[in-house]
């Protein structure tokens with residue numbers, strides 16, 4: 001599915017420039033480099049059964065490294081290109097927001113977790129599962145949680161909010177995972193990446209943090225504005241009282257003032273001297 005991303009900092013994320021974030025850059029170089037090496041040497045048939053995720057081999061032959069290594073193998077140019085494109089486009093802002101260490105941990109946990117769930121539900125399968133799609137779908141889920149109202153343009157024409165776009169992908173992955181067919185395993189991996197990502201964000205509080213921070217910021221800003229408005233209202237009333245007292249002094253002299261009126265003048269002198277200090 002083709003989509004165009006519109007960001008308030010689009011020149012940074014959609015402009016054709018290298019990603020500024022270290023982990024994203026490293027993942028791009030690593031995945032593309034491994035794909036190019038495997039393609040040029042024609043070693044996919046050798047690498048996929050050993051380093052791809054083969055549920056039966058993971059269990060019966062104890063190839064326990066497969067849930068990690070399968071994430072760095074891809075079956076064809078468009079497979080690696082689309083995964084890396086989505087990682088760069090949606091992952092860069094997440095890494096800058098979370099920090100490199102947290103983002104890498106999230107990426108690996110969603111990818112490895114998706115692989116383990118795939119093994120759990122496809123224990124006897126001998127079909128290699130390859131690709132970073134489990135982690136990529138986890139990144140999409142995280143982006144939809146952090147920036148739900150951003151927009152993507154489907155086929156460069158139809159604007160859709162990210163939360164609906166991610167929800168649509170989740171439904172497609174779920175429906176495909178319960179259908180019979182040869183692609184069931186890979187769709188299960190996609191859905192698992194989202195589920196693992198959602199659970200991890202909930203456990204670490206990242207899914208709630210942006211919304212809570214926004215609510216707190218809005219509340220503090222509202223209180224500040226209310227205090228400023230109350231202060232302006234009090235000063236307006238005080239100035240009116242001072243004007244009336246000054247008129248009375250001009251007509252009848254200072255001695256005609258009551259104690260309350262004298263207190264008003266002293267309070268006004270203190271407030272206005274604080275507001276306009278001498279240089």
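Each reported figure results from applying straightforward, stated rules to the coordinates on display, with no laboratory input. Keep in mind that what you see is a predicted model, and the values were worked out from it rather than measured. No Cβ is skipped: glycine too gets one built from the backbone with ideal geometry, and neighbour counts run over all protein chains shown.
Listed values, structure above:
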item	result
Computed E for residue 154/residue 230 - FRET, C-beta separation, R0 41 angstrom, nearest 0.05	0.25
Distance between modelled label sites at residue 252 and residue 238, nm, 7 Å Cα→Cβ extension	2.4
Potential extension, residue 199-residue 164 segment - 0.36 nm per residue separation minus Cα distance	10.7 nm
Cα shape, the stretch 51-105, gyration tensor, a/c 1.5 rule	oblate
